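Okay, structure first, notes after.
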Amino acid sequence: MSGDPGKDDKKPETPGTGAGGASGPTGASNPGSAGTAFGPQEIARRDVSGSTAGRAREGMFGIQGSGDTTGFGGLRLPGYAPAPAERPYGGWFDEVADEAAAALADDTDAPGVDFDTCVHQVTVDRGEMTWYVDREHLVRLARTLRDDPALRFEFCSGVSGVDYGEGVPQQLHVVVHLLSMTYRRRLRLEVALELDDAHCPSLVDVYPTADWHERETWDMFGIVFDGHPSLTRILMPDDWNGHPQLKSYPLGGIPVEYHDAEIPPPDQRRAYT
């Protein structure tokens with residue numbers, strides 16, 4: 001044993017948890033990821049060019065030039081997407097990427113399909129790591145993350161969808177949240193899809209809990225999970241027409257009468273006088 005107790009007896013660092021319960025070490029973010037503080041109506045975002053894109057937004061519900069009295073009419077949010085991260089990622093992020101790359105390289109069932117083939121972008125933003133995954137290799141990558149002893153992402157805590165709206169390339173995203181209970185780490189996988197080809201492989205064979213999450217994502221966004229054992233609606237009635245969380249879906253509303261006045265859907269409201 002060394003005479004310096006602070007050298008050899010130092011315990012391994014325990015990863016911290018970032019905002020929203022996502023695991024990430026303190027300060028493990030890409031340089032320049034923090035924005036400049038602006039007033040409440042405008043948020044500064046970096047201009048980025050990568051495999052993901054954001055869409056600038058103005059106002060609420062797409063309404064402009066109305067008598068809206070909520071204050072949302074002045075909201076301006078420039079398009080934003082985190083830039084691809086560069087090595088070193090920081091904290092345990094490099095270790096996970098290296099271990100996954102080594103495990104994929106050792107997989108004799110799919111020779112020649114390496115980490116760069118499966119993952120076309122790595123992003124570290126706000127203390128969280130996201131891998132943008134080619135959908136053809138999603139299941140294989142998820143199984144590797146689950147089974148490899150150095151990774152052990154045993155639990156899929158959720159599968160959800162995002163619609164970034166019209167005019168954004170690959171506007172639909174499937175988001176998979178993985179948790180390693182062994183190493184207390186969280187990792188996000190994203191698959192970007194075109195609206196007219198909204199198909200993604202199902203992860204039910206790897207993570208059985210994905211069954212209900214995939215059904216809800218299909219119900220709300222219309223993303224078809226190929227290989228799912230029973231892709232049926234879970235929130236809306238079986239005969240419901242459309243997928244309510246798509247940006248193109250009408251906002252709708254319940255015509256409530258109050259003092260002989262009828263409250264219209266949000267996208268039809270103008271003023272309250």
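The values are calculated or read from the model by the stated rules, or taken from the named source; none is laboratory data. Quick caveat: nothing in here was measured; it's all calculated off a predicted structure. Here the Cβ positions follow ideal geometry from the backbone for every residue, glycine too, while neighbour counts run over all protein chains shown. Accessible surface is based on the protein model in full, side chains and every heavy atom, while ligands, DNA and RNA are left aside. Shrake-Rupley method; radii C 1.70, N 1.55, O 1.52, S 1.80 Å.
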Search result, residues across the range 209-223 that are surrounded by 16 or more Cβ atoms within 10 Å (Cβ to Cβ) and outside any helix (DSSP H, G or I): 222, 223
Condition first: in a strand (DSSP E or B) and either open to solvent by less than 40 Å² (accessible area, probe 1.4 Å) or not assigned by TED's automatic domain parsing to the domain that holds residue 210 (or both). Now tell me which residues in the range 150-161 satisfy that. 156, 158, 159, 161
Give me the pairs: first residue in the range 172-190 and in the same structural domain as residue 200 (by TED's automatic domain parsing) and at positive phi, second residue open to solvent by 10 Å² or more (accessible area, probe 1.4 Å) and at pLDDT below 95, beta-carbon distance under 6 Å, and six or more apart or on different chains, which are they? 184/15
Checking the structure you have, find out if any residue of the range 231-251 is assigned by TED's automatic domain parsing to the domain that holds residue 104, surrounded by fewer than 20 Cβ atoms within 10 Å (Cβ to Cβ), over 17 Å from the mean Cα position of the chain (by Cα) and at negative phi. no
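Residue-by-condition table, conditions (1) at pLDDT below 90; (2) under 21 Å from residue 155 (Cα atoms); (3) of a type outside the set (Ser, Thr, Tyr):
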position: 210; (1), (2), (3): no, yes, yes
position: 215; (1), (2), (3): no, yes, yes
position: 223; (1), (2), (3): no, no, yes
position: 229; (1), (2), (3): no, yes, yes
position: 234; (1), (2), (3): no, no, yes
position: 243; (1), (2), (3): no, no, yes
position: 254; (1), (2), (3): yes, no, yes
position: 262; (1), (2), (3): yes, no, yes
position: 268; (1), (2), (3): yes, no, yes
